[in-house]
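> Mind looking over this structure? Questions follow.
Derivation of every value follows stated rules applied to the coordinates shown; laboratory data play no part. Just so we're clear, the structure is a prediction, and the values are computed from it rather than from any experiment. With ideal geometry, Cβ positions are generated from the backbone for all residues, glycine too; neighbour counts draw on all protein chains shown.
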Amino acid sequence: MARSLKFNIFRYNPQDPESTPHMENFVLDETDAMTLFIALNRIREEQDPSLQFDFCCRAGICGSCGMVINGRPGLACHTKTKDLSAEITLLPLPVFQLVGDLSVDTGSWFREMYDTTESWIHTKKVFDPAAQEERMENEVAEAIYELDRCVECGCCVAACGTARLRPDFLGAAGLNRVGRFLIDPRDERTEQEYYEIIGNDMGIFGCMGLLACEDVCPKHMPLQDQLGFLRRKMGITTLKNLFGK
Amino acid sequence: MQTIYTDVLVIGAGLAGERAAIEAAQAGFSAICLSLVPARRSHSSAAMGGMQAALGNCAKGDGDCPDVHFSDTVKGSDWGCDQEVARLFADRAPIEMRQLAHWGVPWNRVVPGKSMYFKGGKQFEKEEQEENRGLITSRDFGGTAKWRTCYVSDGTGHSVLFTVDNVCAQLGVEVHDKTEAIALIHDGVTCFGAVARCLRTGELRVYLAKATTIATGGFGRIYPCTTNAVICDGGGHIPAINTGLVPMGNMEAVQFHPTGIVPTDILVTEGCRGDGGTLLDVNEERFMNIYEPEKQELASRDVVSRWMTHHIRQGKGVKSPYGEHLWLDIRHLGEKHITGKLREVYEICTSFLGVDPIHQLIPVRPTQHYSMGGVRTNKDGHAYGIKGLFSVGESACWDMHGFNRLGGNSLAETVVAGGIVGKKIAEFLQGAEVTFNSSVIDDEVKRQHERIQHLIRCKTGTENVYKVRLAMQQTLHVGANIFRTDAGLTECVAKLQEILARARQVGLKSNGLGVNPELSAALKIEGQVKMALMVAYGALKRTESRGSHNREDFQARNDRDWMTRTLAYWKNEKDDLPTLDYEPATGIFHIPPGDRGYGKSEIIKADSPAGTKG
Ligand SMILES: Cc1cc2nc3c(=O)[nH]c(=O)nc-3n(C[C@H](O)[C@H](O)[C@H](O)COP(=O)(O)OP(=O)(O)OC[C@H]3O[C@@H](n4cnc5c(N)ncnc54)[C@H](O)[C@@H]3O)c2cc1C
Ligand code: SF4
Ligand code: SF4
Ligand code: FES
């Protein structure tokens, strides 16, 4: 027998003067291979066309659909209803600015992170279109890609105690970004330069190391290793700075 | 209302849009990209397989060069492409891959030594040379003579888009995400920018620019089953169509990908077959080796999709509650390969299907995948019909793909064309003096306000936008799919005309306040149905088979009468059919029309006497 699913969904449209934040219930019959993507679209198309949420790739690739699913941040498109209880509570991700209902503004948060971390290759080399590419060991390329896999869904940030207290905290996603450039031989930044970005409480020293981030990351990023690596690296730089070389 | 000025307005922040914006920014111009979603969520991020460029570094790519790439591209297009453009593309592609490496893309690299690879389920050995150690390597993809597809594991689009967006951040190219362009501002001669709706507040905004570029990707969502993201809905084409002046090129040229999973239509990459995956039928037997002994599973997409559909029609499909499908088998590639190079595929199968591809077969069927058609431009990316309007990427019909684009060629197109067109935009801006005509701007804004108010107040009716959309999708699915006939297309066009009438009577159920998603859908439904009509009507009139366009009643490729590109206009807003015009497919023939070497080979030659029918 197909289950009947009860959804408790956070509703608030800040652009509607009559709207106030509240929870609303919707009931839906479960179908085979149903995901929250299928369910939410059905609710919108059949029950309430004003319901706001964000999907894009619906394939767990683009990171659009982060929300709090039964208390836990995750990607909605990638969540099968059969893995959930018959009562499903959906809330927008905290930390990010609310747009409406389940939709939040992750774009602004991440753009700020790019600026803070200077999320690009710093090099004095100028591209020469006539030259062969510079060589790189495949293993190095694969290690960089491993850290490049983050889809900026914001789940780690939403789950992070520090990020909720400190709006300027870089979060695991931001720290991981720095780690990505740190191991890239093309980036000429020195450890001291990285230290200036993350050797403080908005960076690695703000992290309490409880690893809620790794727990919720839908891409299974190696955040624990990354945070440990950065903490050690920046710890050493602190000592160097204190005692000279 | 907020008015924002910029030198270049790029509608779209996928790879094509951002790459073009970078070129303009490097030339000293200000550039703003609009996007429905944060730039990095654009659909380019979903391309897993890779991009083609004739670097020739890996053993199986030895001897590759732009000439061979060019030739593969022209053949792939079934001689429907503009050969001058295909040439520009093939020549530039290797340089662009190196540019991306310089910016930070972690391309997979050549590892010297012997290794095994699979082709058609059999194992072969290859040896990479020490002298090429660490250069950008490539993998095999359908329809190519050499291994030419550069890749980053199976996150190529993702990694390249992150890199390109990083460069945008570095150069100060602004991205206004959660912003939807809904109309172009123009005076019938020149484009001045666009009216956009803010998807944070629902308010309208005016962007004024000396050059405006449409880089909004594909429009697969006019079909019900598509690998495309939900935002690939034609929303960027509609403003161009609504000018009545800008034609859409070859809208009937729609590509179906052989391996969309059933039921969700999520794509599993061509890389699966490139790396040796095979297709099986209900008896778990291969069939592509019978239909295409030479290329087998690796023939071009249109060919593989067609044989799959044919095989299902022969009663060899696997029945399921979601319709019939076939199987993709990658089990023999082994756990290490599947959870390594094909990790995304592994994740898709386990998380969306509950299938473990190391031990189980993957249910697949041909699914709408790519729009070869789009905003028709010249080789500089300048749109036909209006000055100062450009288009690039999947949204454009630049036209290097003709009637079928090769796997790996469109992601490559985004950056290669982005670079080329971006440069042309910068050149255009050098001499551009634009005076913005304020009455033109005010009129357009007023028109858009009124449209919104009419929808909210149900001024023209109370049709439900989602129902109309579904009717359009189903109609196209039935009438303008892989195999097409006169009867099917005639009925399809007639039904779409009825649906167009309904689309004009849509009214909202909800209040339309703020970022109302029903309003977003309603604002583009009429335009979408017009696009669907361009597809179906163009297909009806094209009485031949070429590339992905297959007429069962006209099975030959007709080079005598149809070496042409369809140009579809919507001349008057209230028309209920597009106006079709034609132009020669290519000005120059580097390669005269011939046999592709795969797929069917019935051809009516350009010099065969009139009246012969294939
Ligand atoms: C699942 C999948 C896998 C693929 N894999 C490959 C592959 O391996 N190799 C390959 O060569 N090709 C592949 N392709 C094709 C290729 O990915 C696309 O053709 C290409 O990425 C398109 O890039 P683009 O920049 O033109 O558009 P997109 O990346 O789609 O970007 C479009 C942009 O326009 C914005 N936009 C849309 N409408 C509006 C509007 N009205 N207002 C404002 N902004 C708007 C969007 O927000 C987005 O930023 C794949 C396609 C799919 C669907
Ligand atoms: S690290 Fe993981 S959870 Fe955090 S933004 Fe990236 S993908 Fe999402
Ligand atoms: S380990 Fe650090 S980054 Fe991760 S959730 Fe805890 S405080 Fe946040
Ligand atoms: S919609 Fe892209 S990750 Fe969920």
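> For q = 0.10 Å⁻¹, what log10 I(q)/I(0) does region B:438-584 give under the Debye formula with an equal point scatterer on each alpha carbon and no solvent?
Scattering profile of region B:438-584, log10 relative to I(0): -0.43.
> Among A:114, B:370, B:322, which comes first, second and so on when ranked by fewest other beta-carbon atoms within 10 Å?
The most exposed by this proxy come first: B:322, A:114, B:370.
> A further question follows. Report the local net charge at residue A:8: Lys and Arg +1, Asp and Glu -1, summed over other residues whose C-beta lies under 14 Å from its C-beta.
-2
> Could you compute the net charge surrounding residue B:233? Neighbours are other residues with a C-beta less than 10 Å from the C-beta of residue B:233; K and R count +1, D and E count -1.
Neighbourhood net charge equals +3.
> In addition: Just the projected area, averaged over all directions, of the convex hull on the alpha carbon atoms of region A:118-242: how many nm²?
For the Cα atoms of region A:118-242, the hull's average projected area reads 8.6 nm².
> A further question on this structure: With n ≥ 4 as the cut-off for DSSP H runs, can you work out [θ] at 222 nm for chain A, using -39500 (n - 2.57) per run divided by the number of residues, rounded to the nearest 500?
So the helix-based figure for chain A works out to -10000 deg cm²/dmol.
> Calculate, for residue B:314 and residue B:486, the FRET efficiency according to 1/(1 + (r/R0)^6) with r their C-beta to C-beta distance and R0 22 Å; round to the nearest 0.05.
0.40
> Please give the calculated 222 nm ellipticity per residue for chain B, where each DSSP H segment of at least 4 residues contributes -39500 (n - 2.57) and the sum is spread over every residue; nearest 500 deg cm²/dmol?
Computed ellipticity for chain B at 222 nm equals -10000 deg cm²/dmol.
> Still on this structure: Give me the dipole magnitude in Debye, nearest 20, for chain B about the Cα centre, with unit charges on the beta carbon: positive for Lys and Arg, negative for Asp and Glu.
Using only the charged Cβ atoms, the result is roughly 860 debye.
> Now, a different point. Over all directions, the average projected area of the alpha-carbon convex hull for chain B comes to how many nm²?
Result: a mean projected hull area of 25.8 nm².
> What translational D, rounded to a whole number of µm²/s, comes out for region B:74-120 from Stokes-Einstein when the hydrodynamic radius is the Kirkwood one over Cα pairs, at 25 °C and 0.890 mPa s?
Translational diffusion coefficient: 176 µm²/s.
> Just want the ordering: A:220, A:122, from fewest to most Cβ atoms lying within 10 Å of their own Cβ.
Final ranking by Cβ density, sparse to dense: A:220, A:122.
> Another question, if that's okay. What FRET efficiency do you get for residue A:89 and residue B:571 if R0 is 35 Å and r is their Cβ-Cβ distance, rounded to the nearest 0.05?
The value I calculate is 0.10.
> Among the complete DSSP H segments of chain A, which ones combine at least 18 Å of alpha-carbon extent along their axis with a mean Kyte-Doolittle hydropathy of -1.0 or more?
A:223-243
> Something else now. In peptide B:163-174, what is the residue-averaged number of other protein chain Cβ atoms found within 10 Å of each Cβ?
3
> Just want the answer: with Cβ charges of +1 for Lys and Arg and -1 for Asp and Glu, which residue in B:58, B:48, B:80 is farthest toward the dipole's positive end in region B:42-85?
B:48
> Collect residues whose amide H, placed 1.01 Å from N in the peptide plane, falls under 5 Å from the amide H of residue B:203; neighbours closer than 5 in sequence don't count.
B:198
> Placing +1 at every Lys and Arg Cβ and -1 at every Asp and Glu Cβ, with all other atoms neutral, what dipole size does region B:338-416 have around its Cα centre, in debye to the nearest 20?
The calculated dipole for region B:338-416 is roughly 180 debye.
> A further question on this structure: Report the per residue volume, in Å³, of the convex hull enclosing the C-alpha atoms of region A:91-167.
144
> So, one more: Given Cα positions, please report Rg to Rh for the protein assembly as shown, the hydrodynamic radius being the Kirkwood one.
Rounded to two decimals, Rg over Rh is 0.94.
> Just to be sure I understand: of the beta bridges DSSP finds with both ends in the protein assembly as shown, what percent are antiparallel, rounded to 5?
Percentage antiparallel, nearest 5: 70.
> If a/c stays under 1.5 just call it rounded; otherwise compare a/b with b/c (prolate if a/b is bigger, oblate if not). Do that for region B:263-366, with a ≥ b ≥ c from the square roots of the Cα gyration tensor eigenvalues.
Verdict is oblate for region B:263-366.
> Could you give the nm distance between label points at residue B:289 and residue B:457, where each point is 7 Å from its Cα heading toward the beta carbon?
Rounded to a tenth, the inter-label distance reads 6.9 nm.
> Further, regarding this structure: Give me log10 I(q)/I(0) at q = 0.25 Å⁻¹ for region A:4-103, Debye formula, one equal scatterer per alpha-carbon, no solvent.
-1.60
> Run the quick spin-label model on residue A:3 and residue B:282: label points 7 Å from Cα toward the beta carbon, then report their separation in nm to one decimal.
That separation, rounded to one decimal, is 3.4 nm.
> Right, another one. Exposed loop GluC sites (Glu not before Pro) only (DSSP loop, at most 15 other Cβ atoms within 10 Å): please give the longest stretch of chain B free of them, not including the sites.
Looking at chain B, B:1-202 is the longest stretch - no exposed GluC sites (Glu not before Pro) with at most 15 other Cβ atoms within 10 Å.
> Also, I was wondering about something else. Using the Kirkwood formula on the Cα atoms of region B:107-265, what hydrodynamic radius do you get, in angstrom to one decimal?
Evaluated on region B:107-265, it is 20.1 Å.
> If you rank A:96, B:124 by fewest surrounding Cβ atoms within 10 Å, what's the result?
Taking fewest neighbouring Cβ atoms as first place, the list is B:124, A:96.
> To one decimal place, what orientation-averaged projected area in nm² is obtained for the convex hull of the Cα set of region B:172-296?
Its Cα hull, projected and averaged over all orientations, spans 12.2 nm².
> Given points 7 Å out from each Cα along the Cα-Cβ axis, report the residue A:232 to residue A:201 separation in nanometres with one decimal.
Result for the modelled spin labels: 2.7 nm.
> Okay, next question. What is the dipole size for region A:38-80, taken about its Cα centre, with +1 at each Lys and Arg Cβ and -1 at each Asp and Glu Cβ, in debye to the nearest 20?
The dipole magnitude comes to about 200 debye.
> Take the Cβ-Cβ distance between residue A:32 and residue B:601 as r, set R0 to 56 Å, and report the resulting FRET efficiency rounded to the nearest 0.05.
So the FRET efficiency works out to roughly 0.85.
> Another question, if that's okay. Please report the antiparallel percentage of DSSP beta bridges with both residues in chain A, rounded to the nearest 5.
Antiparallel bridges: around 80 percent, rounded to the nearest 5.
> With everything on Cα atoms, drop me the angle between helix B:301-311 and the longest principal axis of chain B, reported from 0 to 90° to the nearest 10.
For helix B:301-311, the angle is close to 70 degrees.
> In a shell of Cβ-Cβ distance under 13 Å around residue B:461, excluding residue B:461 itself, what net charge do Lys and Arg (+1) and Asp and Glu (-1) give?
Summing Lys and Arg as +1 and Asp and Glu as -1 gives +4.
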